[in-house]
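The values are calculated or read from the model by the stated rules, or taken from the named source; none is laboratory data. Nothing here was measured: the structure is a model prediction, and the numbers come from that model. All Cβ positions, glycine included, derive from the backbone under ideal geometry; neighbour counts span all protein chains shown.
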Amino acid sequence: MAILHSLFALLKYRYENYLMIAVFLVIIPIIAEVFKEFSFKNIKINISNFLMIGSVTFVIMVSAYRFIYHHLPLKYSSKGISEQQIEMSRFLAEYYKGEKVLANDIGAISYFGHVQLLDMVGLGSTDIATIKINNKHHSRERYITENKKYITHYVREKNCGIAVIYPEWFPGDPPKNWIPVSLWTSSTPYGPAISRVVFYALKPEEVAPLQRNLSKFNLDSNVKQWFYRYR
């Protein structure tokens, strides 16, 4: 699997980091065995030694590049994930445990949130994934229209009370009758796909409880929270 991934994948994201570990697990014992009897005094320049030294040098250079290039993103990505996804999961576990919630970045929420998760993107909700696949051959305009119509009907049918989403990821725009209550903005752009997330009340009667719960929640001080005001 790792070999196939190496041949056909772009090795530039955190999802491929396991390949570097796999390479080290294979190559380090080989290098250790080769260098056990190695001596620069007795080294012979031949194709075998040239390839061996070149391979070791290449692995070291690639490893150094990946470390330097990804150091800051890795350092701040964990902070960004903590400020957004972990905080969302803490909030939902505290105030909406066992309830149906629509979301689009589902990792921490599904693991820590203990909610009945409806996934707007479709990774965790096969009904939504199916409708996206069925509509993928349509024009972009019809694709967006059909997906928006289905998701809107889906959350209403499932009696979902709130949504915690990136509005930019909703097909078209979120429905007009969805009421934005609060917006969280992380202190770092690394980690989350988008640094700000919006809490929506999907029913008018959910607005006041959602406002109250967000106000009481002990939010990470690095996260900025704004409330929408209505006249």
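I'm trying to understand the selection: among the residues of segment 126-157, which are touching a helix residue (DSSP H, G or I) at 6+ places or on another chain (Cβ under 8 Å) and of a type outside the set (Phe, Trp, Tyr)?
Asp127, Ile128, Ile131, Lys132, Asn135, Lys136, His138, Arg142, Glu146, Asn147, Ile151
Is at least one residue of segment 111-125 free of Cβ contacts under 8 Å to residues at least 40 places away in the same chain, part of a helix (DSSP H, G or I) and within 19 Å of the chain's Cα centre (by Cα)?
yes
Among the residues of segment 88-101, is there at least one that is in contact (Cβ under 8 Å) with a residue 12 or more places away in the chain, of a type in the set (Gly, Ala, Ser) and in contact with a Ser or Thr (Cβ under 6 Å, 6 or more places away or on another chain)?
No, the conditions are met nowhere in segment 88-101.
Determine whether Gly122 is out of contact with any Pro (no Cβ under 9 Å at 6 or more places or on another chain) and surrounded by fewer than 19 Cβ atoms within 10 Å (Cβ to Cβ).
Criteria met by Gly122.
Using the structure shown, decide if Ile179 is buried (at least 17 other Cβ atoms within 10 Å of the Cβ) and at pLDDT 90 or above.
For Ile179, the condition - buried (at least 17 other Cβ atoms within 10 Å of the Cβ) and at pLDDT 90 or above - is met.
Which residue, of Glu157, Glu205, Glu141, is over 23 Å from the mean Cα position of the chain (by Cα), exposed (fewer than 14 other Cβ atoms within 10 Å of the Cβ) and over 21 Å from Ile131 (Cα atoms)?
Exactly one residue qualifies, and that residue is Glu205.
Kindly indicate whether any position in segment 74-85 is part of a loop (DSSP other than H, G, I, E, B) and either among the small types (Gly, Ala, Ser) or within 25 Å of Asp173 (Cα to Cα) (or both).
Among the residues of segment 74-85, not one is part of a loop (DSSP other than H, G, I, E, B) and either among the small types (Gly, Ala, Ser) or within 25 Å of Asp173 (Cα to Cα) (or both), which makes the answer no.
Here are Trp184, Trp226, Trp169: which of them is touching a residue at least 60 places away in the same chain (Cβ under 8 Å), exposed (fewer than 15 other Cβ atoms within 10 Å of the Cβ) and of a type in the set (Phe, Trp, Tyr)?
Testing whether each residue is touching a residue at least 60 places away in the same chain (Cβ under 8 Å), exposed (fewer than 15 other Cβ atoms within 10 Å of the Cβ) and of a type in the set (Phe, Trp, Tyr) leaves just Trp169.
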